[in-house]
Structure formats: C-alpha cells, structure tokens
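*Asks:* Supplied in structure tokens, the structure appears directly below.
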Amino acid sequence: MKTYKIACIPGDGIGKEVVPAGQTALDTLARKLGTFRFEFSSFDWGGDYYRQHGIMMPEDGLKDLRDKDAILFGSAGDPHIPDHITLWGLRLKICQGFDQYANVRPTRILPGIDAPLKRCRPEDLNWVIVRENSEGEYAGVGGRVHQGHPTEVATDVAMHTRTGVERIMRFAFGLARSRPRKLLTVVTKSNAQRHAMVMWDEIAVQISKEFPDVKWDKELVDAMTARMVNRPASIDTVVATNLHADVLSDLAAALAGSLGIAPTGNIDPERRYPSMFEPIHGSAFDIMGKGLANPIGTFWSCVMMLEHLGEQAAADKLMEVIESVTADPKLHTGDLGGQATTAQVTSAVCQRINGA
Ligand code: IPM
Ligand code: MG
C-alpha cells in the first residue's frame, strides 16, 4: 500500500490544536479508503523551541523534512517573540529553503457560511489567488544603519527576477487554464512602481502567448480591492506579488466569511522539494489552548495536500465532508458565530468520512 510521509509542524498558538485535528482527519480518511496510508512525523519547532534553543528550528532542520512527501504546518507567531523572527526563522526558512515559489489560496463561500457581502451569491465568489512566494517584497533584502540616531535609515528592497516572475506567471496561467472559466487577473501596481511592476506587466503579455485559451486582464492592486467587493463574479484566478497577494488573500478570506476557513499551499510545482500546506489564520493567541479553534482551514489545507499527492478521489471526499459540516450551523466555531469546539467539528468530520 502506498505510504505518504508527512511532516507535521504545529508551530505556535492554535496551530497546536488544528494540526492534530488535521492528522486525525487524514488518518480516518486513509483507513476508510484503504488504498494508502500516512506516516506522520511531528516537529516541535516554533516559539517554545526558540525559548529553549534561541532559534525557531534547528539550523539544519530542512534535512529532516527533505524526504517527506508533504508538510502540514500550523502557524508561527508568539506574543513574546518579535514577529519577524518567528516568520523568518521557521515558515519562510522552509518556503524559501524548499523554493516553494507558488502560494495557492483558494477562496469560496462554503455552504452554511454567512458571508458579509450583501449582493454576493456563493457562486459569485470562487477564486484562487496565486501569490509569488519566493521573492518580491519578502526577498529579505535591505538593512538598517545608524540605529537610534536621527540619521537612521531602513530599507526593504523588493526584488523581482525575470526567472521568478516568469515561473509564477506560467504557473498562474496554467492554473487558470485548469479551471472551468479559464480566466486570470494579473494584479500589479505598475503606475506607481515603475520598474519591477512594469516588468511584471510585460512578462504577463509574454507568457499569455503560451496560453491562448486563457482570457486574462490586468488590475492595479488598489482597484482590485474594490473589484473584489463590488464585482466578485468578474474574478476567477488571480496572480500577484508576495505582499500584494498577502493583503488580497486576507480580504478574500474575510469576504468568504472567515479567516478560520481559508487554506493555503506553498507549492514547489517542479516537485524537487516537499510542498507545505497550512491554514492561513495564524496563531490566534486570544483563543489558544481552549479548544475553540476552527479546524476547517486545516482540513481544507489537507484537501489541497491530497490533491498535490495525486489522491484526487480522497481530496474530493474530504471536501464534500467539509462542506456538509459547514452547512450545519451547530457545527460552527466561534469565528463563524457558533459555539462548536475544535473536537466537535473534528469528530463530525471523521464520522461523516466513515459514512455515519
Ligand atoms: C500569511 C501570513 C504571513 C505572511 C504572516 C504570518 C507573516 O499573513 O501567510 O498570509 O504575511 O506571509
Ligand atoms: Mg497574510
């Protein structure tokens, strides 16, 4: 029987609650289907590890992940550790170390979810945002000099390479082509940022020629926020820079009803390295340790993982179960206005996987 080796990194905050929930769902699914199994290895990296060792994960930790088929990640963030340390020391170390250059963020209004837009029907909002995940504003280039003096200078230089933009553009056009509407919106800010963003626009034109069957248009990122609210049905697949897509994907998740639901995949499309799947909600310290976290974002991330592993039937089954669970308001967690606990939602998902 096929065995998938999955590295689990719960990280901080509610990551420690939702990742085990994801493992339970995956295990239940594998047992039910009987055609593959999972072998999980857990890594205790994150804030607590930092307090003990002064680093978020071992210097050479990537070698422990290298032979895995995929990574299930919870969240990184700790109220007592600066955010840039938790981010760069763990999540970005993995994303950049494994060149997971395509960050894929699907958004839909799932059944039973009360989304905030008045005139938006569930079928109007079915998007996938593709976030460039290896460079741009997150390249880490920059520095600070003369700290504390009036002459202090700080720079964060956005770095966009032709290789980096061409490969994310090609990935996004390909993803758009695989979806029924074959529609891509390329988001930049090429009026104000007149170098790299203009290169993005040019590369979009160039790559579009390889995909004559994909309809595409361009939008400036500020106008895109308004379009997402006012004309959601005009959007299908979106590609944008690391930072622009970071912002747009939070807006997308909120418009779909909750950040607690939204999944993401940090993908190496060339499959040289394991890809990493995670809910986008973050560590949510206000509710951590109480069993109140919404595990749906993690379950949906598991769906993306199954798709990546080529287990499409299993992915479809889990997604169907997720939708049947969100359809029941009694199974809504606090972020959705309900009172269900992580454990209740997880056991409902497992029961339905087992056909109960
Ligand atoms: C995300 C998150 C991260 C990001 C945070 C936690 C640094 O917001 O995955 O969208 O900005 O990339
Ligand atoms: Mg974000």
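Values in this text are rule-based calculations from the coordinates and carry no lab data. These numbers were taken from a predicted model, which means no experiment stands behind them. Every residue, glycine as well, gets a Cβ built from its backbone with ideal geometry; the counts of neighbours run over all protein chains shown.
*Asks:* Specify whether the C-alpha gyration tensor of the range 250-348 places it in the rounded, prolate or oblate class, a ≥ b ≥ c being the square roots of the eigenvalues: rounded for a/c under 1.5, otherwise prolate if a/b is larger than b/c and oblate if not.
*Replies:* It is prolate, given that a/c is not under 1.5 and a/b is the larger ratio.
*Asks:* Still on this structure, I have one more. Once you sort the root eigenvalues of the Cα gyration tensor of the range 116-255 as a ≥ b ≥ c, which label holds: rounded (a/c under 1.5), prolate (a/b larger than b/c) or oblate (the other case)?
*Replies:* It comes out oblate by the Cα gyration axes.
*Asks:* Please give, to one decimal in nm, the separation of the simple spin-label points placed at ASP64 and ALA223, each 7 Å out from Cα toward the Cβ.
*Replies:* Reported label-point gap for ASP64 and ALA223 is 4.9 nm.
*Asks:* Are there trypsin sites (Lys or Arg not before Pro) in the range 163-194 that DSSP puts in a loop and that have at most 10 other Cβ atoms within 10 Å, and which ones?
*Replies:* ARG194
*Asks:* Pick from HIS146, HIS84, HIS160 the residue whose mean-square fluctuation is largest in a GNM of the chain, springs joining Cα atoms under 10 Å.
*Replies:* Comparing HIS146, HIS84, HIS160 in a Gaussian network model of the chain, the most mobile one is HIS146.
*Asks:* Post the alpha-carbon centroid distance, the range 140-207 to the range 221-252, in whole angstrom.
*Replies:* Using only Cα atoms, the two centres lie 15 Å from each other.
*Asks:* As a footprinting exposure proxy, order THR346, THR24 by other Cβ within 10 Å, with the fewest listed first.
*Replies:* Listing THR346, THR24 from fewest to most nearby Cβ atoms yields THR24, THR346.
*Asks:* Taking R0 as 22 Å, what FRET efficiency do you get between LEU87 and GLN52 from their Cβ-Cβ distance, rounded to the nearest 0.05?
*Replies:* Given R0 = 22 Å and the Cβ-Cβ separation, E is 0.70.
*Asks:* How far is it, in nm, from the label point at ASP124 to the one at MET1 when both lie 7 Å from their Cα along the line to the Cβ?
*Replies:* 4.6
*Asks:* List the GluC sites (Glu not before Pro) within the range 250-350 that fall in a DSSP loop (any state other than H, G, I, E or B) and whose Cβ has at most 11 other Cβ atoms within 10 Å. Intermediate values should be presented prior to the final figure.
*Replies:* Working: sites: GLU270, GLU307, GLU311, GLU320, GLU323; in loops: GLU270, GLU311.
Answer in residue order: GLU270.
*Asks:* Is it possible to state the helix-based mean residue ellipticity at 222 nm for the chain, with each DSSP H run of 4+ residues giving -39500 (n - 2.57), the sum divided by total residues, to the nearest 500 deg cm²/dmol? What is it?
*Replies:* The per-residue figure over the chain is -11500 deg cm²/dmol.
*Asks:* How far, in nm, would the chain grow between PHE285 and ARG162 when pulled straight, counting 0.36 nm per residue and subtracting the alpha carbon separation?
*Replies:* 40.4 nm
*Asks:* Considering all projection directions equally, how large on average is the shadow of the alpha-carbon convex hull of the chain, in square nanometres?
*Replies:* Convex hull of Cα atoms, orientation-averaged projection: 18.9 nm².
*Asks:* List the GluC sites (Glu not before Pro) within the range 103-178 that DSSP assigns to loop and that have no more than 16 neighbouring Cβ atoms inside 10 Å.
*Replies:* Here the GluC sites (Glu not before Pro) that fit, given the DSSP loop and packing criteria, are GLU152.
*Asks:* Still on this model: Just to be sure I understand: with springs between alpha-carbon atoms less than 10 Å apart, which residue in LEU336, LEU125, LEU62 has the highest mean-square fluctuation in the Gaussian network model of the chain?
*Replies:* Top of the fluctuation ranking is LEU62.
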